[in-house]
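What follows draws every value from the coordinates through simple rules; no lab data is involved. Computed from a prediction, not measured in an experiment: that's the story for all the values here. All Cβ positions, glycine included, derive from the backbone under ideal geometry; neighbour counts span all protein chains shown.
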Amino acid sequence: MFCIGNVSPEKKKLVDVVKECIELGLAQIKPWGFLGDMGQAVNEHAMSNGYTVVQEIGGHGIGLQFHEEPWISHVSKKRTEMLLVPGMVFTIEPIVNMGTEEIFVDDNDGWTVYTTDGLPSAQWEVMVLVTNDGYEILAY
């Protein structure tokens, strides 16, 4: 996510906080940890800045299929969700909102997602590999 042109300070802060959420989530990625540790770090940081996180849309596994399992929550709790094992590849891609986390999908294309209050949202995505001693970013 990049800001182009004259962006209000409020929208710039939203974009910056989402990137901070990614960085805090990444800090929780370690072998034999839990995906929930990452989700809680992301959600807590967003909320501490006055934002919400979309609950129904998460990251996903990377492999042979489009949007593979596991589904990655960004609002989970520590010591929950899947065990992180070396070799796992998945995305962390929270959608953080200025307003409500409530969403709906556009009936016209079945893909475009809006928040019910129409306030801005921002998203960063990172693809991460769990290694024997932490993680490696494969794509940002």
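Has the stretch 84-106 got any residue that is on the phi > 0 side of the Ramachandran plot, surrounded by fewer than 15 Cβ atoms within 10 Å (Cβ to Cβ) and without any contact (Cβ under 8 Å) to a residue 40 or more places away in the chain? No, that holds for no residue. Pick from GLU56, GLU68, GLU20, GLU10: which is charged (D, E, K, R) and surrounded by 15 or more Cβ atoms within 10 Å (Cβ to Cβ)? Result of the check over GLU56, GLU68, GLU20, GLU10: GLU20. A count restricted to the stretch 125-134 and to residues that are surrounded by fewer than 21 Cβ atoms within 10 Å (Cβ to Cβ) and within 16 Å of the chain's Cα centre (by Cα) stands at 4.
Would you check if there is a residue in the stretch 31-43 being over 29 Å from ASP133 (Cβ atoms), crowded, with 19+ Cβ neighbours inside 10 Å and hydrophobic (A, V, I, L, M, F, W, C)? No; the residues of the stretch 31-43 include none that is over 29 Å from ASP133 (Cβ atoms), crowded, with 19+ Cβ neighbours inside 10 Å and hydrophobic (A, V, I, L, M, F, W, C).
Within the span defined as the stretch 114-135, every residue fails to be aliphatic (A, V, I, L, M), assigned to a loop (DSSP other than H, G, I, E, B) and in contact with a Leu (Cβ under 7 Å, 6 or more places away or on another chain). Within the stretch 25-37, residues that are closer than 20 Å to MET47 by Cβ and in contact (Cβ under 8 Å) with a residue 24 or more places away in the chain sit with their Cβ atoms under 7 Å from residues that are small (Gly, Ala, Ser) and in a loop (DSSP other than H, G, I, E, B), at 6+ positions apart or across chains, in these pairs: LEU35/SER76; GLY36/SER76.
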